[in-house]
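> Please find one structure pasted underneath; my questions will follow.
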Amino acid sequence: MRSRHSLFMAIVVLTASLFFGSVSDVRAYNRWDNGCTDCHSNFLDPNSTKPGNTWPSSKHNIHRSTMMNSLCGTCHVDDGDNPLLDFSRGEPGLPGVGCMGCHGVDPDPTTPGNKWWGAGLRLHHANSNVGLDNSNLACVDCHTDDPAPLGENAIPVYYGGTDVNIFDPCNADGSENWTSDGLGLDNDGDLDYDAADSDCEAAFFEDGFESGDTSGWDATVP
């Protein structure tokens, strides 16, 4: 009788483990090679089918050697792995958030571990009418609660980090220019790039000053 009870309990434990294992969080494009390559081609070649631009070397070499100065931990958990989009081992002074370190902004830093990073990237794909993926799904089918993305001038967490050669999300310094189209990123998803995005317009005051520093102004009316 005891052996039957032990066998029964073993079956219960095995069934439960299979069930709960099957309902874990599954994300369609959690790694570059799991879907991004369908439109943006292999990371080891210099061409991207969409948006149809060409890199001066392979996308991997430019990201690794030129943009990130061989800070492999910004993208990888283990060197040479298929990178996760939102997790990596990190580097000194740079958190391990993978691709989202440049291609997304945390819209709610007060909620650690939130899944809203990349909301602007998903909106960019929706506004570009990329259509459904190979499983007949759009981003919104899974990402049902994305907030409105922060403006293009919001600074991604890797920008300006130690040894990182990307600085300005509005691309006024050209530090986002790496491809033949001469455009930076569209991290807020509105399809406006660089200076063409209203978020990147200088904030002018009535007297024409940009700084907003009024410490030296005299309020006395002559």
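> Can you list residues from other chains, or at least 5 along the same chain, whose modelled amide H is less than 5 Å from the amide H of residue 84?
Sorted by chain and number, the residues that satisfy this are 77.
> So what J values fall out for the stretch 136-143 if you push phi through Karplus, 6.51 cos²θ - 1.76 cosθ + 1.60 with θ = phi - 60°, rounded to Hz, Gly and Pro as x?
6, 10, 9, 3, 5, 5, 10, 8
> Would you mind getting me the FRET efficiency between residue 165 and residue 58? Use the beta-carbon distance for r and R0 = 22 Å, nearest 0.05. It would help to have the intermediate numbers written out before the result.
Details: r = 17 Å, r/R0 = 0.77.
Approximately 0.85, to the nearest 0.05.
> Can you compute the FRET efficiency between residue 37 and residue 79 using 1/(1 + (r/R0)^6), with r the Cβ-Cβ distance and R0 = 30 Å? Round to the nearest 0.05. Could you put the intermediate results ahead of the total?
Working: r = 20 Å, r/R0 = 0.65.
After rounding, the FRET efficiency stands at 0.95.
No value in this document is a laboratory result; all are computed from the given coordinates. Not measured: the values here are computed from a predicted model. Counting neighbours? That spans all protein chains shown, and the Cβs are built from the backbone with ideal geometry, glycine included.
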